[in-house]
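Nothing in this text is a laboratory measurement; each read-out follows from the coordinates by a stated rule. What you see is a predicted model; the values in this text were computed from it and never measured. We place every Cβ from the backbone using ideal geometry, glycine too, and count neighbours over all the protein chains shown.
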Amino acid sequence: MAAYIIATVEVNDPDAYDTYRQQVPETLKPYGGEFVVRGGAMEVLEGEWEMPRCVVLRFPDVESAKAWHASDAYAGPQAIRRSASRGNLIVVEGA
């Protein structure tokens, strides 16, 4: 069953975050990951949404999503993301 990593992000260092954004796509390929949403215009329809940026990644299954997140290939970009932004990440199974 497909799985999604959903991230809400507030960028505090745009230059470093741009470096992160450039590095991530190659790290996804071995895990079957792909972007569904990568930033873009957002409008809150109900409730409150603390972070101004949303990213959604699709993977073949939860195991692949978690393996990517814990991978050596993603460790470097992940460190950049953590220093250049704050945010939340969840993994959820699709329907």
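A simple spin-label model places pseudo-atoms 7 Å from Cα toward Cβ; at M42 and V91 they are separated by 2.2 nm. Computed from label points 7 Å out along Cα-Cβ, the spacing between F35 and D18 is 1.4 nm. Helical runs (DSSP H, four residues minimum) scored at -39500 (n - 2.57) apiece and divided by the length of the chain put the mean residue ellipticity at 222 nm at -12000 deg cm²/dmol. Counting Lys +1, Arg +1, Asp -1, Glu -1, what net charge surrounds A65 among other residues with beta carbon under 10 Å of its beta carbon? Surrounding charge for A65 is -1. For a quick check of your reading of the filter: which chymotrypsin sites (Phe, Trp or Tyr not before Pro) in the range 17-95 sit in a DSSP loop and have no more than 15 other Cβ atoms within 10 Å? Sites meeting the loop and neighbour criteria: W49. Neighbour counts of C-beta atoms inside 10 Å place L28, L45, L57 in the sequence L45, L28, L57, starting with the fewest. Summarising the amide proton neighbourhood of A2: residues at separation of 5 or more, or on other chains, whose placed amide H is nearer than 5 Å comprise G94. Of the GluC sites (Glu not before Pro) found in the range 20-59, the ones in coil according to DSSP and having at most 14 other Cβ atoms within 10 Å of their Cβ are E43, E46, E48, E50.
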